[in-house]
Amino acid sequence: MHVMVLDKEHFPQGQVFHHNKPVMMEFVEGTKQPYVFHMCWTASKVDKLKYMKQVGMWFLTDTCDEGALRSQSYDTGGCCRTDMVPWRVGDGTEIPSIAS
């Protein structure tokens, strides 16, 4: 078996958000585009949600909160926002803020 560590610029996590603002700015500016962003290194789920929304990487409706997603009777079929597209430079949308 061969093991490799994923590149932090393509597969960043919460440590990058909290400790590498220059790389986060490159994501916001569109000069780098991660494949996946895992918001570990952030203790609170409330803060994780806030930070993911700040950088334009949250794609669920407001009704899909933690309580709804934990409910066995909740229909998650309507959770994904159909009006959301990943934010990209030049698409006319406001630049997300990375302020924590």
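The values are calculated or read from the model by the stated rules, or taken from the named source; none is laboratory data. All values derive from a computational prediction rather than experimental measurement. Backbone-built Cβ (ideal geometry, glycine too); neighbour counts: all protein chains shown. Just the protein is used for accessible areas: all its heavy atoms, side chains included, with ligands, DNA and RNA removed. Shrake-Rupley method; radii C 1.70, N 1.55, O 1.52, S 1.80 Å.
Below is a table of values for the structure above.
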item: Residue count for the stretch 42-80, restricted to those that are in a helix (DSSP H, G or I) and aromatic (F, W, Y); result: 1
item: Neighbours by Cβ (under 7 Å, 6+ apart or cross-chain): first from the stretch 41-63, within 21 Å of G77 (Cβ to Cβ); second open to solvent by 50 Å² or more (accessible area, probe 1.4 Å) and of a type in the set (A, V, I, L, M); result: W58/L49; F59/M84
item: Tally of residues being open to solvent by less than 50 Å² (accessible area, probe 1.4 Å), closer than 20 Å to F37 by Cα, more than 8 Å from the chain's Cα centre (by Cα) and not polar (S, T, N, Q) across the stretch 50-80; result: 3
item: Test result for K21, surrounded by fewer than 16 Cβ atoms within 10 Å (Cβ to Cβ), in contact with a helix residue (DSSP H, G or I) (Cβ under 6 Å, 6 or more places away or on another chain), at pLDDT 80 or above and over 20 Å from R81 (Cβ atoms); result: no
item: Hits in the stretch 33-44 (condition: more than 12 Å from the chain's Cα centre (by Cα) and open to solvent by 50 Å² or more (accessible area, probe 1.4 Å)); result: W41, A43
